[in-house]
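The values are calculated or read from the model by the stated rules, or taken from the named source; none is laboratory data. Everything quoted here is computed from the prediction, not taken from an experiment. Cβ atoms come from the backbone with ideal geometry, glycine included; neighbour counts cover every protein chain shown. These accessible areas exclude ligands, DNA and RNA; they are computed on the full protein's heavy atoms, side chains included. Shrake-Rupley method; radii C 1.70, N 1.55, O 1.52, S 1.80 Å.
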Amino acid sequence: MKFITLILPMILGFIIDFILGDPYWFPHPIRAIGNFISVMEKLIRRHMPSKLRAGGVILGLTTIFFSTSIPLIILLFSYRYNILIGLLIESIMCYYIICPKCLKNESMKVYVTIAQKNIEKARKAVSMIVGRDTENLDKSGIIRATVETVAENTSDGVTAPLMYISVLGAVGGFFYKAVNTMDSMIGYTNEKYADIGRFAAKSDDFLNFVPSRITAVLMIFSAKILGLDSKNALKIWRRDRRNHASPNSAQTEAVCAGALGIRLAGDAYYFGELHKKPFIGDNKRSIENEDIMRINKLMYMTSFLTLILGAVFRMVIWGAIL
């Protein structure tokens with residue numbers, strides 16, 4: 001019974017997401033965290049305009065505190081009241097923390113619009129899941145941006161949260177998501193965010209350092225299971241895993257590029273400014289719309305392997321402690 005209660009929330013959370021995804025009409029705690037970050041950013045810019053770097057630290061620590069303390073208090077009272085209610089609430093929390101189906105659904109919107117040959121609609125669809133400028137992307141650029149974001153967010157949005165859940169339960173997942181959400185909102189290196197977003201960006205790099213590398217290895221195994229080019233995935237990962245300004249983003253992108261036999265990354269515009277970026281992978285063939293389907297299968301297989309390993313880790317470590 002002890003082992004079941006340890007792993008049940010993360011497993012049920014994964015299953016609920018697989019079935020439901022994230023209904024847009026339903027209140028979501030990650031959106032609440034995002035709203036809190038926006039409010040804090042405005043307050044800091046208004047009251048600490050000359051000390052944005054220090055303000056960014058305050059923003060980060062405050063966001064982390066409220067994002068973890070609230071679910072911790074809820075879980076403590078829930079489990080104390082009734083273990084079944086506690087398990088149910090923590091399962092729902094785990095469901096909120098991971099987002100494989102949302103990632104698949106949003107990327108498949110791009111797939112459908114490309115299949116319909118509606119480039120303008122495809123640009124709008126991809127703009128919802130990437131940070132780069134999309135108004136001038138051609139068909140190949142749209143598909144490439146979609147594949148890249150699914151590859152990167154396999155770690156950021158699914159496997160890394162699962163790993164933190166496996167260590168510290170749903171509270172650990174919210175700790176990770178607080179930092180990751182900050183990074184996605186203010187962790188940029190441009191003039192507007194370089195100071196206020198520095199703490200968020202560095203914290204996200206730190207928290208993702210180990211998960212991104214574990215995810216890359218699991219993605220290579222997933223490529224083998226799915227019949228993709230796992231040998232080339234390993235080769236490109238070894239060669240190109242550092243071809244990104246972030247120490248983590250190229251880990252899964254390199255595996256994806258190798259497994260699919262395509263070339264990713266390269267120069268891109270962000271907020272109207274050109275960013276020079278090295279390529280990842282070899283241009284063995286032209287990228288095609290079906291690559292969006294392939295990367296989603298790779299994302300789900302990698303997520304499933306992470307869930308299994310995370311559950312085993314949680315049973316072994318916490319089972320021994322408790």
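For Val167, state whether it is without any contact (Cβ under 8 Å) to a residue 24 or more places away in the chain, among the β-branched types (Val, Ile, Thr), over 30 Å from Gln116 (Cβ atoms) and part of a helix (DSSP H, G or I). Outline the logic, then answer.
On the way: without any contact (Cβ under 8 Å) to a residue 24 or more places away in the chain: no; among the β-branched types (Val, Ile, Thr): yes; over 30 Å from Gln116 (Cβ atoms): yes; part of a helix (DSSP H, G or I): yes.
Judged against the criteria, Val167 is not a match.
For region 187-204, give me each residue that is open to solvent by 30 Å² or more (accessible area, probe 1.4 Å) and either in a helix (DSSP H, G or I) or in contact with a Ser or Thr (Cβ under 9 Å, 6 or more places away or on another chain) (or both).
The answer is Arg198, Phe199, Lys202.
Report yes if Ser184 is of a type in the set (Gly, Ala, Ser), open to solvent by 30 Å² or more (accessible area, probe 1.4 Å), outside any loop (DSSP other than H, G, I, E, B) and touching a residue at least 40 places away in the same chain (Cβ under 8 Å), otherwise no.
Values: of a type in the set (Gly, Ala, Ser): yes; open to solvent by 30 Å² or more (accessible area, probe 1.4 Å): yes; outside any loop (DSSP other than H, G, I, E, B): yes; touching a residue at least 40 places away in the same chain (Cβ under 8 Å): yes.
Yes.
Restricting to region 249-275, name every residue that is modelled with pLDDT of 90 or more and in a loop (DSSP other than H, G, I, E, B).
The answer is Gly261, Ile262, Arg263.
Within region 134-158, how many residues turn out to be open to solvent by less than 40 Å² (accessible area, probe 1.4 Å) and touching a strand residue (DSSP E or B) at 6+ places or on another chain (Cβ under 7 Å)? If you could, list the steps in order and put the result at the bottom.
Step one: of region 134-158, the residues open to solvent by less than 40 Å² (accessible area, probe 1.4 Å) are 134, 137, 141-143, 145-151, 154-158.
After this cut, where a residue has to be touching a strand residue (DSSP E or B) at 6+ places or on another chain (Cβ under 7 Å) as well, the list is 147-148.
Adding up the residues that qualify gives 2.
Is it the case that region 70-77 has a residue that's open to solvent by 90 Å² or more (accessible area, probe 1.4 Å) and either closer than 20 Å to Thr189 by Cβ or touching a strand residue (DSSP E or B) at 6+ places or on another chain (Cβ under 9 Å) (or both)?
So far as region 70-77 goes, no, none of its residues is open to solvent by 90 Å² or more (accessible area, probe 1.4 Å) and either closer than 20 Å to Thr189 by Cβ or touching a strand residue (DSSP E or B) at 6+ places or on another chain (Cβ under 9 Å) (or both).
Which residue, of Ser69, Ser107, is of a type in the set (Gly, Ala, Ser) and closer than 15 Å to Pro29 by Cβ?
Ser69
Mind listing whichever residues of region 225-236 are outside any loop (DSSP other than H, G, I, E, B) and open to solvent by 40 Å² or more (accessible area, probe 1.4 Å)? Steps first, please.
Let us first name the residues in region 225-236 that are outside any loop (DSSP other than H, G, I, E, B), namely 225, 230-236.
Listed by number, the residues that qualify are Ile225, Lys231, Leu234, Lys235.
In the set Ala250, Ala265, Ala254, which member is in contact with a strand residue (DSSP E or B) (Cβ under 7 Å, 6 or more places away or on another chain) and open to solvent by 10 Å² or more (accessible area, probe 1.4 Å)? Lay out the reasoning, then the answer.
On the way: Ala250 fails: open to solvent by 10 Å² or more (accessible area, probe 1.4 Å); Ala254 fails: open to solvent by 10 Å² or more (accessible area, probe 1.4 Å).
Going through Ala250, Ala265, Ala254 in turn, just one is in contact with a strand residue (DSSP E or B) (Cβ under 7 Å, 6 or more places away or on another chain) and open to solvent by 10 Å² or more (accessible area, probe 1.4 Å): Ala265.
Which condition number does Ala178 fail, the rest of (1) over 21 Å from Gln251 (Cβ atoms); (2) open to solvent by 10 Å² or more (accessible area, probe 1.4 Å); (3) not acidic (Asp, Glu) being met?
(2)
Might you let me know whether region 294-317 holds any residue that is more than 21 Å from Pro161 (Cβ to Cβ) and either in a helix (DSSP H, G or I) or in contact with a helix residue (DSSP H, G or I) (Cβ under 9 Å, 6 or more places away or on another chain) (or both)?
Start the filter on region 294-317 by keeping residues that are more than 21 Å from Pro161 (Cβ to Cβ), which leaves 294.
Imposing the further condition that a residue be either in a helix (DSSP H, G or I) or in contact with a helix residue (DSSP H, G or I) (Cβ under 9 Å, 6 or more places away or on another chain) (or both) reduces the set to 294.
Yes, that holds for at least one residue.
Report, by residue number, each residue of region 111-144 that is touching a residue at least 24 places away in the same chain (Cβ under 8 Å) and either at positive phi or part of a helix (DSSP H, G or I) (or both).
Tyr111, Ile114, Ala115, Lys139, Ser140, Ile142, Ile143, Arg144
Does at least one position in region 95-104 carry a residue that is within 26 Å of Ile19 (Cα to Cα), of a type in the set (D, E, K, R) and open to solvent by 30 Å² or more (accessible area, probe 1.4 Å)? Write out each step before concluding.
Step one: filter region 95-104 for residues within 26 Å of Ile19 (Cα to Cα), giving 95-104.
Going one step further and asking which of them are of a type in the set (D, E, K, R), we end up with 101, 104.
Subsequent filtering for residues that are open to solvent by 30 Å² or more (accessible area, probe 1.4 Å) retains 101, 104.
There is at least one residue in region 95-104 that is within 26 Å of Ile19 (Cα to Cα), of a type in the set (D, E, K, R) and open to solvent by 30 Å² or more (accessible area, probe 1.4 Å).
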